[in-house]
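The values are calculated or read from the model by the stated rules, or taken from the named source; none is laboratory data. Source: prediction; values computed, not measured. Because the Cβ atoms are built from the backbone with ideal geometry, glycine has one as well, and the counts that use them run over all protein chains shown.
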Amino acid sequence: MGEKLSYIHRFEKGAAADARPLLLLHGTGGDENDLVPLGHMVAPNAPLLSPRGKVLENGMPRFFRRLAEGVFDEDDVRRRADELADFIAEAHTRYGVSSPIALGYSNGANIAAAILLLRPEALAGAILLRVTAPLSLTPPVDLTGKPILIASGVSDPIIPPEGATRLASLLQRQGAIVEHRVLPTGHELSQADVTLARTWMQAHGHPAVP
Ligand code: MLT
């Protein structure tokens, strides 16, 4: 576990000082350890910053409250997106890492999308696995040149690809460079996600990205 910041988290320095850090954001019921192996596969030498969601749903950590499956408490989404963006700034001061690329799965991808829409300066880009549009209304933001990879599962019963399509066009309209892929899978992650994310990181994971 990392030093005391505003989120319980894990930090790994990584072997490559010039690699973009990854901000790992787990799904419902996960914790700060969950996505570390995925982080290593996607960006083998990058620093990894992995917080644990603070909201508990029947004991399962999440990054924001929901009222029912697929029905989000949008006030909480906003508050938690802000809180997590502040944590990224704290980690920058504590560990000296540059602004990260988020690698989020499901609930973690949804909070990453909210950060992009509300506090875009906190992230250099994002890999959003099984994501939807987390907010019904957001102010205009400048996402010019921010690289974003979205991977949906064609038969995902929890987060159908349509929500991701809506999010992708919203991000694109504000200047982000979005690649949206629909994989032959469900809500669970597959080898195709790993391969896709790794290839995408090889193109976008270095500081040349704004
Ligand atoms: C959410 O609540 O963010 C989504 O429904 C996905 C999840 O269950 O984590």
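What to note about this one:
- Failed condition for SER98, given (1) within 11 Å of the ligand (Cβ to nearest atom); (2) polar (S, T, N, Q); (3) touching a residue at least 60 places away in the same chain (Cβ under 8 Å): (1)
- In region 41-61, residue nearest to the chain's Cα centre (by Cα) [restricted to those that are under 16 Å from LEU23 (Cβ atoms) and either within 9 Å of the ligand (Cβ to nearest atom) or basic (Lys, Arg) (or both)]: ARG52
- Restricting ARG66, ARG10 to those that are over 14 Å from the mean Cα position of the chain (by Cα), away from the ligand (no atom under 12 Å from the Cβ) and at pLDDT 95 or above reduces the list to ARG10.
- Given (1) crowded, with 18+ Cβ neighbours inside 10 Å; (2) among the β-branched types (Val, Ile, Thr); (3) more than 21 Å from VAL42 (Cβ to Cβ), number of the condition VAL154 does not satisfy: (1)
- When GLY145 is tested against (1) surrounded by 13 or more Cβ atoms within 10 Å (Cβ to Cβ); (2) on the phi > 0 side of the Ramachandran plot; (3) not aromatic (Phe, Trp, Tyr), just one condition goes unmet, and that condition is (1).
- Unique residue being out of contact with any strand residue (DSSP E or B) (no Cβ under 8 Å at 6 or more places or on another chain) and either among the charged types (D, E, K, R) or at pLDDT below 95 (or both) when the list is ALA19, ALA85, ALA81, ALA89: ALA19
- All of (1) over 12 Å from the mean Cα position of the chain (by Cα); (2) modelled with pLDDT of 95 or more; (3) within 14 Å of the ligand (Cβ to nearest atom) hold for LEU25 with one exception: (1).
- Enumerated strands (runs of 3 or more DSSP E) restricted to region 119-210, each holding at least 3 residues that are within 22 Å of ARG65 (Cβ to Cβ): 125-129
- Every listed requirement among (1) assigned to a helix (DSSP H, G or I); (2) over 13 Å from the mean Cα position of the chain (by Cα); (3) under 23 Å from MET201 (Cβ atoms); (4) free of Cβ contacts under 8 Å to residues at least 60 places away in the same chain is met by ALA85 save one, (2).
- Every listed requirement among (1) over 22 Å from GLU32 (Cα atoms); (2) touching a residue at least 24 places away in the same chain (Cβ under 8 Å); (3) in a helix (DSSP H, G or I); (4) not small (Gly, Ala, Ser) is met by ILE111 save one, (1).
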